[in-house]
Protein chains: 2
Amino acid sequence: MSEPEGLDTDAGTDAGIPPDMGIYDEDGVVSAPFLAHIGAAIADRDTLTLKKDVGSLHQSEIGDLLEALLPEQRLALVVLMGDDFDYTALTEVDEAIRLEILENLPNRQVARAVEQLDSDDAVYILEDLDQADQDEILAELPFTERVRLRRSLGYPEETAGRRMQTEFVAVPPFWTVGQTIDYMREEQNLPESFSQIFVIDPTFRLVGAVDLDRILRTNRTTKIEDIMRETRHAIPATMDQEEAAQIFEKYDLLSAAVVDENDRLVGVLTIDDVVDVIQQEAEEDLLRLGGVGDEELSDRVMAAARSRVPWLMVNLLTAFLAASVIGLFDGTIEKIVALAVLMPIVAGMGGNAGSQTMTVTVRALATRDIDIYNAGRIIRREMGVGLLNGLIFAVLIGTVAALWFQDPNLGGIIAAAMVINMFVAALAGILIPLLLDRVGADPAVASAVFVTAMTDVVGFFAFLGLATWWFGLL
Amino acid sequence: MSEPEGLDTDAGTDAGIPPDMGIYDEDGVVSAPFLAHIGAAIADRDTLTLKKDVGSLHQSEIGDLLEALLPEQRLALVVLMGDDFDYTALTEVDEAIRLEILENLPNRQVARAVEQLDSDDAVYILEDLDQADQDEILAELPFTERVRLRRSLGYPEETAGRRMQTEFVAVPPFWTVGQTIDYMREEQNLPESFSQIFVIDPTFRLVGAVDLDRILRTNRTTKIEDIMRETRHAIPATMDQEEAAQIFEKYDLLSAAVVDENDRLVGVLTIDDVVDVIQQEAEEDLLRLGGVGDEELSDRVMAAARSRVPWLMVNLLTAFLAASVIGLFDGTIEKIVALAVLMPIVAGMGGNAGSQTMTVTVRALATRDIDIYNAGRIIRREMGVGLLNGLIFAVLIGTVAALWFQDPNLGGIIAAAMVINMFVAALAGILIPLLLDRVGADPAVASAVFVTAMTDVVGFFAFLGLATWWFGLL
């Protein structure tokens with residue numbers, strides 16, 4: 001867990017940075033004068049200025065600064081600041097930038113930095129390094145630190161065990177509030193910050209938890225077991241981080257105990273890490289719906305291009321499928337070229353209507369807002385919406401097409417095709433994601449392909465087919 | 001703020017519900033036996049069972065239950081449970097369901113419920129009611145409660161002032177830790193839960209804050225002013241909730257002071273509300289990119305259909321624009337019908353490539369990951385990706401088209417058109433959102449229209465234009 005801080009959003013401005021120089025400009029971007037000031041200090045190897053002006057910043061401000069600096073300045077800044085550099089800042093930058101800095105630092109220096117960090121930040125920094133570097137850094141650490149980090153790193157990626165902090169306060173149930181407060185006043189080795197303490201039995205098994213405000217409003221003589229909440233179901237260390245985040249959201253938790261397979265307390269998961277998980281999961285859904293895989297802004301051309309090829313390839317197949325449907329009617333198009341002009345409208349409007357329904361459905365699935373109790377109602381609703389909007393746009397498009405080509409028949413045909421395609425679009429937009437979810441596939445990834453394939457094929461087929469039949473060109 | 005609770009994720013199971021009956025099934029959906037059990041109790045007007053089995057649930061569990069019940073059962077449940085119903089559950093359900101219940105309850109009963117709630121939950125419930133009901137409910141409340149709620153409701157929607165909780169603990173700076181702890185032990189009127197206390201001067205102006213863990217590790221004789229953090233820039237009550245959420249994320253806050261225009265402490269914003277804001281904003285971005293406005297799953301056909309018409313209308317205009325581009329080349333299509341078969345492939349692939357780039361850009365803008373320091377690099381990257389993937393798919397599609405129609409000329413023409421359109425798609429995908437953001441428009445709403453309009457027009461024009469020129473049909 002990163003240390004919660006106060007609202008010193010301009011923590012930099014009182015630390016010797018020229019008083020007229022904010023670290024951010026009015027757009028919330030690192031300000032050009034501040035960047036120039038730091039750049040000059042790096043060029044001059046002016047460690048005093050750097051320690052004073054960068055050392056006083058919040059980790060996320062240092063992260064923003066690192067991202068704004070040129071690649072060669074980043075490493076120089078870290079090296080020049082030495083032990084005064086706040087390595088938690090590395091948890092705030094893109095993976096590519098983090099690795100670039102870490103791989104160019106001596107492992108011994110990284111180890112010295114990692115030793116100072118809370119375990120969750122240490123794991124965050126270590127987990128993307130290659131095994132050899134990881135082992136070398138861990139070997140430099142004191143025994144207990146090494147064991148803790150190895151245990152966290154032993155849990156699979158994206159689990160609660162990976163994200164937890166292994167520093168926490170735990171007391172036995174028979175202690176009084178007074179004893180507990182005295183312990184916290186005397187103990188030097190407490191976590192940097194915490195919002196609840198845990199209650200454990202002699203075998204480290206979790207029996208309860210007490211929020212700090214509860215302790216503060218209780219008399220010294222009261223026993224902890226009398227004010228603790230039972231936490232019969234803590235978060236298993238192997239639980240997926242997304243599932244853990246959903247529990248946090250559901251029960252409005254600030255922190256939660258993480259337990260191993262024997263129900264022993266091994267760490268604490270805190271809301272700030274969960275907020276990052278929520279952001280990350282929302283981002284994944286959005287990118288997947290847009291047909292982009294795991295991609296970071298710092299990726300280079302080759303990596304970004306490669307990550308987008310699979311989706312384009314699948315779309316190519318469906319595009320050829322749609323083209324072959326058109327090919328069935330080439331004779332009709334040859335005779336009535338207006339069909340070629342109008343057909344993308346039918347397919348395109350269906351595609352848009354389908355992706356509206358699909359977006360709503362995918363989001364509802366992600367937030368678990370759709371279930372067996374309301375699925376039937378929502379399917380019926382989408383069918384109604386598809387039919388209603390289909391009729392509205394059929395009239396509109398039919399009229400325009402009839403006037404454009406001076407042919408009421410054409411207007412009628414495109415109107416009929418629109419109603420059919422918008423209705424199919426609605427059905428596809430809701431049923432395809434639901435079906436994919438049911439069979440265990442990620443609806444955000446695959447829905448769009450199937451929905452647009454459906455609306456293209458049906459759109460072209462309905463429009464060209466109706467025209468062929470009506471004009472007697474069969 | 002809702003009360004943070006322990007991990008009693010199955011809080012229901014020990015409360016008299018038949019022991020073999022979980023309230024959720026393995027999919028995390030309200031279980032059918034539990035739903036039947038509650039449904040039967042409602043039908044029997046068995047208030048004892050309801051108070052026992054629903055009264056013991058967490059607010060979000062009651063929310064899930066309400067959503068799973070039939071509309072007529074919902075109101076019956078609330079009425080039968082009377083004052084034992086936990087009205088915070090209404091903050092966990094869809095707006096339509098909340099309004100349906102509230103509008104069918106006597107205002108006097110809503111007022112009695114609101115009086116028991118934390119102010120942020122009370123505001124959440126009141127804000128969507130119509131003015132007359134709101135006034136009637138507020139008139140029933142005690143004076144101080146009414147003044148507080150009116151002040152919160154006076155701030156614009158989606159601001160920190162609307163979301164804040166007006167219950168907080170504030171002490172003068174000269175108090176000692178001991179005095180502060182004694183005050184909290186004696187005072188009955190504390191917020192349900194809190195993670196920091198604020199330090200104020202006699203005019204209620206905010207001077208600092210202290211986290212509870214800091215108080216617990218400090219000796220009783222230490223003065224509060226010696227351990228407080230300065231909070232020189234608290235969150236103004238009129239700040240947009242999204243901006244406030246970004247500050248929480250940036251500085252890993254658990255709660256933050258909210259101040260009025262005179263820097264006087266008026267409330268506290270807590271992380272659980274911020275998590276809701278983050279979810280809501282991510283949802284808005286996703287829905288807007290999918291062409292859906294403010295829409296809820298509980299909306300009926302008419303409301304949902306209406307919310308989707310504007311986007312379809314805009315798309316209709318761009319579809320006709322694209323059709324008129326095709327119309328320019330009707331003579332060419334009449335002679336070479338294969339062009340009509342292949343042209344949707346060029347437009348469609350461009351559209352997909354453009355929406356990939358656009359999705360990445362819109363997300364990066366939302367998370368402020370793109371700024372003047374990396375925009376140039378990212379634009380160059382996208383141009384590279386567009387060119388590279390354009391070349392790859394040009395070769396692929398060109399080969400298939402040449403073989404399909406036994407015409408190498410056609411293959412060459414579609415390949416050239418693909419390179420042009422994928423490159424334009426990349427440019428449009430990044431420049432259009434950046435431009436919209438620069439002029440203050442929401443890139444999530446409008447980007448998709450412009451990007452697909454661009455890729456359709458350029459795709460059709462490049463392909464049909466090149467063919468017309470190459471085959472000498474000008």
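The values are calculated or read from the model by the stated rules, or taken from the named source; none is laboratory data. Please read these numbers as outputs of a predicted model, since none were measured by experiment. Note: ideal-geometry Cβ built from the backbone for every residue, glycine included; neighbour counts use all protein chains shown. Heavy atoms of the whole protein, side chains included, go into the accessibility calculation; ligands, DNA and RNA do not. Shrake-Rupley method; radii C 1.70, N 1.55, O 1.52, S 1.80 Å.
Would the range B:215-231 turn up any residue that is in a helix (DSSP H, G or I), facing chain A (nearest Cβ under 10 Å) and free of Cβ contacts under 8 Å to residues at least 24 places away in the same chain? Explain how you work it out, then say what you get.
To start, the set of residues in the range B:215-231 that are in a helix (DSSP H, G or I) comprises B:215-216, B:224-227.
If we keep only those that are facing chain A (nearest Cβ under 10 Å) too, we end up with B:215-216.
The next check asks that each one be free of Cβ contacts under 8 Å to residues at least 24 places away in the same chain; those that pass are B:216.
Yes, the range B:215-231 has at least one match.
Looking only at the range B:270-318, which residues are more than 23 Å from A:R368 (Cα to Cα) and not in a helix (DSSP H, G or I)? Explain how you work it out, then say what you get.
Step one: filter the range B:270-318 for residues more than 23 Å from A:R368 (Cα to Cα), giving B:270, B:302, B:306, B:309-318.
Matches in the range B:270-318: B:T270 only.
Which of (1) touching a residue at least 40 places away in the same chain (Cβ under 8 Å); (2) part of a helix (DSSP H, G or I) does A:I247 not meet, given it meets every other one?
(1)
Do you know which of the residues in the range B:259-287 that are within 8 Å of chain A (Cβ to nearest Cβ) and touching a Ser or Thr at 6+ places or on another chain (Cβ under 7 Å) is nearest to A:T357 (Cα to Cα)?
In this case the residue turns out to be B:L287.
Report whether or not A:G293 is more than 8 Å from chain B (Cβ to nearest Cβ), crowded, with 24+ Cβ neighbours inside 10 Å and not acidic (D, E). Can you show your working first?
On the way: more than 8 Å from chain B (Cβ to nearest Cβ): yes; crowded, with 24+ Cβ neighbours inside 10 Å: no; not acidic (D, E): yes.
In short, no.
Suppose the filter is farther than 19 Å from A:A322 by Cβ, free of Cβ contacts under 8 Å to residues at least 12 places away in the same chain, of a type in the set (V, I, T) and open to solvent by 10 Å² or more (accessible area, probe 1.4 Å); does B:I392 pass it?
Details: farther than 19 Å from A:A322 by Cβ: yes; free of Cβ contacts under 8 Å to residues at least 12 places away in the same chain: yes; of a type in the set (V, I, T): yes; open to solvent by 10 Å² or more (accessible area, probe 1.4 Å): yes.
It is true that B:I392 is farther than 19 Å from A:A322 by Cβ, free of Cβ contacts under 8 Å to residues at least 12 places away in the same chain, of a type in the set (V, I, T) and open to solvent by 10 Å² or more (accessible area, probe 1.4 Å).
Hey, can you tell me all the residues within the range A:174-200 that are touching a residue at least 24 places away in the same chain (Cβ under 8 Å) and either within 37 Å of the chain's Cα centre (by Cα) or in the same structural domain as A:D120 (by TED's automatic domain parsing) (or both)? I'd like the intermediate steps shown before the answer.
Filtering the range A:174-200 down to residues touching a residue at least 24 places away in the same chain (Cβ under 8 Å) leaves A:174-178, A:180-181, A:191-200.
Answer for the range A:174-200, where residues must be touching a residue at least 24 places away in the same chain (Cβ under 8 Å) and either within 37 Å of the chain's Cα centre (by Cα) or in the same structural domain as A:D120 (by TED's automatic domain parsing) (or both): A:P191, A:E192, A:S193, A:F194, A:S195, A:Q196, A:I197, A:F198, A:V199, A:I200.
Taking the condition part of a helix (DSSP H, G or I) and more than 30 Å from A:D128 (Cα to Cα), does A:A36 pass? So that I can check it myself, show each step before the final result.
Details: part of a helix (DSSP H, G or I): yes; more than 30 Å from A:D128 (Cα to Cα): yes.
Criteria met by A:A36.
Going by the structure shown, is B:Q179 surrounded by fewer than 19 Cβ atoms within 10 Å (Cβ to Cβ), more than 12 Å from A:L216 (Cβ to Cβ) and not acidic (D, E)? Walk me through how you get there before you give the answer.
On the way: surrounded by fewer than 19 Cβ atoms within 10 Å (Cβ to Cβ): yes; more than 12 Å from A:L216 (Cβ to Cβ): yes; not acidic (D, E): yes.
So B:Q179 passes the test.
Among the residues of the range B:356-373, which ones are open to solvent by less than 30 Å² (accessible area, probe 1.4 Å) and facing chain A (nearest Cβ under 9 Å)?
Passing the criteria: B:Q356, B:T357, B:M358, B:T359, B:V360, B:V362, B:R363, B:A364, B:I370.
Given the conditions (1) within 26 Å of A:M349 (Cα to Cα); (2) in contact (Cβ under 8 Å) with a residue 40 or more places away in the chain, and given that B:A441 satisfies all but one, which numbered condition is not satisfied?
The failed condition is (2).
How many of the residues making up the range A:25-38 are buried (at least 16 other Cβ atoms within 10 Å of the Cβ) and at pLDDT 85 or above?
Of all residues in the range A:25-38, those buried (at least 16 other Cβ atoms within 10 Å of the Cβ) come to A:29-31, A:34-35, A:37-38.
From the residues that got through so far, the ones that are at pLDDT 85 or above too are A:30-31, A:34-35, A:37-38.
Qualifying residue count, the range A:25-38: 6.
Name, by its number, the condition in (1) of a type outside the set (D, E); (2) part of a helix (DSSP H, G or I); (3) open to solvent by 20 Å² or more (accessible area, probe 1.4 Å); (4) away from every other protein chain (no Cβ under 14 Å) that does not hold for A:A96.
Of the numbered conditions (1) of a type outside the set (D, E); (2) part of a helix (DSSP H, G or I); (3) open to solvent by 20 Å² or more (accessible area, probe 1.4 Å); (4) away from every other protein chain (no Cβ under 14 Å), the odd one out for A:A96 is (4).
Looking only at the range B:419-437, decide whether some residue is farther than 18 Å from A:A305 by Cα, within 12 Å of another protein chain (Cβ to nearest Cβ), of a type outside the set (S, T, Y) and open to solvent by 10 Å² or more (accessible area, probe 1.4 Å).
Yes, the range B:419-437 has at least one match.
What is the residue count in the range B:301-353 for residues that are facing chain A (nearest Cβ under 7 Å), more than 25 Å from B:M454 (Cβ to Cβ) and either within 40 Å of the chain's Cα centre (by Cα) or open to solvent by 30 Å² or more (accessible area, probe 1.4 Å) (or both)?
4
For the range B:198-229, how many residues meet the condition of being surrounded by fewer than 16 Cβ atoms within 10 Å (Cβ to Cβ) and at pLDDT below 90?
Within the range B:198-229, residues that are surrounded by fewer than 16 Cβ atoms within 10 Å (Cβ to Cβ) and at pLDDT below 90 number 0.
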